[in-house]
Structures are given as structure tokens and as C-alpha cells.
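Chemist: Here's a structure for you.
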Amino acid sequence: QVQLVESGGGLVHAGGSLRLSCAASGRIFSYYTMGWYRQTPGNERELVATISETNTRYGDFVKGRFTISRDNAKNALYLQMNSLKAEDTGVYYCNCHHDVGGPLRTDYWGQGIQVTVSS
């Protein structure tokens, strides 16, 4: 069983920075893909960034502002967010997924953490 807990959210003014952390319990394998997703007002949950053994991917809205990183030894995932905009306001979720054990993708989610950017 995998459990994910986010931290580091809060309130910041536009143009500011925030660093999100995700602490994982349970066994996380290096071949699992981990990432951040968000739910912003009026929008569906969307991909912010993911990181796997072979590639790193970012949502188009990031425009070089965010950086995802991972520390497998610590079972931790991070998201450095710079030049934040009011449109970045929302709930951010830590995610881990894999295809082990069957043909369907298995997803694990954190509880989500609020990020509020004031304009």
C-alpha cells in the first residue's frame, strides 16, 4: 500500500515562489512514475508535471516556471514553483502510478494541498 502526503502549500502573492513536497510511505519503485496534478477553479484536474526513469513532462501552462524533482532514497517528490500567478490557485495533488499487477494503470493519490496566489 502506498500513501502520499503533501506539504508546503499556502498563500503567496503573485510573482512569488512556493515549494511543494510529497512524502511517500510504502514501497516506491524507481520505475514508478510520480507527479503533480492540480484542480483549479472551473477546470478539470490537470497534469502539472511528471517524472519517470525515462522522461520529465510539464503542463503547457508552466512555461519554465516550475521544476519537478525526485529523491528515490527518501521516497520524496518536490515541485518548485516560481513566478506564481493567480491562475495557479488550486488544490495540488501528489501522484504515483504504475502498471504492475495487471494491464490497467494503478494510481495512488495524496489528499491534496491548497495553493493560493493573490493578485
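Chemist: Ignoring any ligand, DNA or RNA, what whole percent of the accessible area of the chain comes from carbon and sulfur when the probe is 1.4 angstrom? Before the final figure, lay out the partial values.
Modeler: Values: 3130 of 6400 Å².
Using a 1.4 Å probe with all protein chains present, the chain comes out at 49 percent carbon and sulfur.
Chemist: Enumerate by residue number the GluC sites (Glu not before Pro) in the stretch 12-119 meeting two conditions: DSSP loop (anything except H, G, I, E, B), and at most 14 other Cβ atoms within 10 Å of the site's Cβ.
Modeler: Answer in residue order: Glu44, Glu53.
Chemist: Okay, moving on. With a sphere of radius 14 Å drawn around the Cβ of Gly42, what net charge do the other residues whose Cβ falls strictly inside it have (Lys, Arg +1; Asp, Glu -1)?
Modeler: Numbers: positive: Arg38, Arg45; negative: Glu44, Glu46, Glu87, Asp88.
Taking every other residue near Gly42 into account, the sum is -2.
Chemist: Suppose the chain between Asn55 and Val5 were pulled fully straight at 0.36 nm per residue; how much longer would it get relative to their current alpha carbon spacing? Write down the numbers at each step before the final one.
Modeler: Values: separation 50, 0.36 × 50 = 18.00 nm, distance 2.34 nm.
That pair, Asn55 and Val5, stretches by 15.7 nm at full extension.
Chemist: Restricting to Cα pairs below 8 Å that are 6+ residues apart, what does the relative contact order work out to for the stretch 55-109? Please round to a whole percent.
Modeler: With pairs under 8 Å counted, the relative contact order is 20 percent.
Chemist: Report the relative contact order of the stretch 1-59, percent, no decimals, based on alpha-carbon pairs under 8 angstrom and at least 6 residues apart.
Modeler: 25 percent.
Chemist: Through the Karplus equation 6.51 cos²θ - 1.76 cosθ + 1.60, θ set to phi - 60°, convert the phi angles of the stretch 94-109 into ³J(HN,Hα) values in whole Hz; use x for Gly and Pro.
Modeler: Result, rounded to whole Hz: 7, 9, 9, 9, 7, 10, 6, x, x, x, 8, 5, 10, 10, 10, 10.
Chemist: For the chain, what Kirkwood radius comes out of the mean inverse Cα-Cα distance, in Å?
Modeler: Hydrodynamic radius (Kirkwood, Cα only) of the chain equals 14.5 Å.
Chemist: On to the next question. Given contacts defined as C-alpha pairs under 8 Å and at least six residues apart, what's the relative contact order of the stretch 1-114, whole-number percent?
Modeler: Relative contact order comes out at 33 percent.
Chemist: Using Cβ-Cβ distances only, list the Cys residues of the chain with no partner cysteine under 4.7 Å, sorted by number.
Modeler: For the chain, the answer is Cys96, because their Cβ atoms have no other cysteine Cβ under 4.7 Å.
Chemist: Whole number in Å², please: accessible area per residue of the chain, 1.4 Å probe, ligands, DNA and RNA not counted.
Modeler: The answer is 54 Å² per residue.
The values are calculated or read from the model by the stated rules, or taken from the named source; none is laboratory data. No experiment lies behind these values; they were computed from the predicted model shown. Here the Cβ is made from the backbone with ideal geometry for all residues, glycine too, and neighbour counts use every protein chain on show. Ligands, DNA and RNA are excluded from the accessible area calculation, which covers all protein heavy atoms including side chains. Shrake-Rupley method; radii C 1.70, N 1.55, O 1.52, S 1.80 Å.
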